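The values are calculated or read from the model by the stated rules, or taken from the named source; none is laboratory data. On a predicted model such as this, the values are computed, not experimentally measured, just so you know. Note that we place each Cβ from the backbone using ideal geometry, even for glycine, and neighbour counts take in every protein chain shown.
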Amino acid sequence: MADRCVLCHRERRSNVEYCPYHSLALENLKSSYSHWNDAIEMGWVSFLREVSERPETGMWARDVALHELDIKSS
């Protein structure tokens, strides 16, 4: 499973942790965080928590947000 996404076990490139879907979700989260942080100062963990709890957050983004929160808390 070395070449598989840690979240969904789809194939991934060897230099990234996520499949293309989850990688794009992470890029979108980082971009959104930049905009949120400009508007209201918020830490990355708080942002991930907020995004993961919103009903309008998509499945891929929620998966990544929750996984990143797990990484930060361990």
Leading residue by the ranking (surrounded by the fewest Cβ atoms within 10 Å (Cβ to Cβ)) among those in the range 45-70 that are under 16 Å from SER23 (Cα atoms) and hydrophobic (A, V, I, L, M, F, W, C): MET59
Where a residue in the range 23-40 is more than 22 Å from ARG10 (Cα to Cα) and free of Cβ contacts under 8 Å to residues at least 40 places away in the same chain and its partner, wherever it lies, is surrounded by 10 or more Cβ atoms within 10 Å (Cβ to Cβ) and of a type in the set (A, V, I, L, M, F, W, C), with Cβ under 7 Å and at least six apart: TYR33/TRP44; TYR33/PHE47; TRP36/MET42; TRP36/PHE47
Residues being more than 21 Å from ASP3 (Cβ to Cβ) and under 8 Å from the mean Cα position of the chain (by Cα) - total across the range 45-67: 5
Any hit, the range 25-44, residues being surrounded by 11 or more Cβ atoms within 10 Å (Cβ to Cβ) and within 13 Å of LEU7 (Cβ to Cβ): yes
Hey, LYS72 part of a helix (DSSP H, G or I) and modelled with pLDDT under 95 or not: yes
For TYR21: the one exception among (1) surrounded by fewer than 16 Cβ atoms within 10 Å (Cβ to Cβ); (2) part of a helix (DSSP H, G or I): (1)
